[in-house]
Amino acid sequence: MKSIALGILLLLLGLLGNAQDKRPVYFEASGDKLVRFYFDSNYYLVDKECEFKSIERLASFDAGSSKFIGSFTDFDAAGKPILEGAYLDGKKTGLFKAYHPNRSIKWEVFFDNDKPHGDWKYYYPDGHLMMRVNFGEDYVKIIEFLDTRGKKMVEDGDGRFE
């Protein structure tokens, strides 16, 4: 009887020990000073094995300041790039490009000190321009918008955007 109780106790301890080894993995080293982060579709960190994981970011990361540094690429669940850009001291800087599933450019914009600067260009999956939005110091203005047939609905900031 004591050996059965001892056996059950050892079995339970073994199961608990295995459960403790299954810690969530939100990020992990990925060679040459890069870190792979796991996100859901809303960019919330999730466990590597989470059913909602849909984005992986490969980037350099400074753990001391908790900031991204340098270039990064985000990948979808199929391993295709969906976003590329760079950080300087944890702030978005330079050209950022997002991609449609067919790998054509979805949008592109320059960031300066974490803020969009100049024109943010959006494209249809076939590569044609959809919209150009200008970011000034204290305004955001739709400069150009073309419908799916290529008809200009907004030109030089004048027109109708719905």
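The values are calculated or read from the model by the stated rules, or taken from the named source; none is laboratory data. The model shown is predicted, which means the values in this text are computed figures rather than measured ones. Ideal geometry is used to build each Cβ from the backbone, glycine not excepted, and the neighbour counts take in all protein chains shown. Please note that ligands, DNA and RNA were not included when accessible areas were found on the heavy atoms of the full protein model with its side chains. Shrake-Rupley method; radii C 1.70, N 1.55, O 1.52, S 1.80 Å.
Observations
- Selection from 90, 113, 64, by position along the positive dipole direction of the chain (Cβ): 64
- Net charge contributed by nearby residues that have their C-beta within less than 9 Å of residue 98 (K/R +1, D/E -1): -1
- Environment charge at residue 110 (Cβ cut-off 15 Å; Lys +1, Arg +1, Asp -1, Glu -1): 0
- Pairwise FRET efficiency - residue 69 versus residue 42, Cβ, R0 = 22 Å, nearest 0.05: 0.40
- Other-chain or far-sequence residues with amide H under 5 Å of residue 106's (modelled H): 98, 99, 100
- Between amide H atoms placed 1.01 Å from N, distances below 5 Å from residue 35 occur with 30, 59, 60, 61, all of them 5 or more places distant or on a separate chain.
- For the stretch 80-139, the alpha carbon positions stretch 32, 26, 10 Å along the principal axes, listed from largest to smallest.
- With all protein chains in place and a 1.4 Å probe, the accessible surface of the chain carries 56 percent carbon and sulfur.
- Put simply, the C-alpha atoms of the chain give a gyration tensor, and the ellipsoid matching it has half-axes of 47, 19, 13 Å, longest first.
- For the stretch 77-121, the dipole from Cβ point charges (+1 on Lys and Arg, -1 on Asp and Glu) about the Cα centre works out to 240 debye, to the nearest 20.
- Probe 1.4 Å, protein heavy atoms only - accessible area per residue of the chain in square angstrom: 70
- For residue 152, a cut-off of 19 angstrom between C-alpha atoms picks up these aspartates and glutamates, skipping any fewer than 8 places away in its own chain: 119, 126, 144, 162.
- Nonlocal amide H pairs with residue 46, under 5 Å, H built at 1.01 Å: 38, 39, 40
- Farthest toward positive dipole pole in the chain [+1 Lys/Arg, -1 Asp/Glu at C-beta], among 123, 52, 99: 52
- Debye, to nearest 20: dipole size of the chain, +1 on Lys, Arg Cβ, -1 on Asp, Glu Cβ: 520
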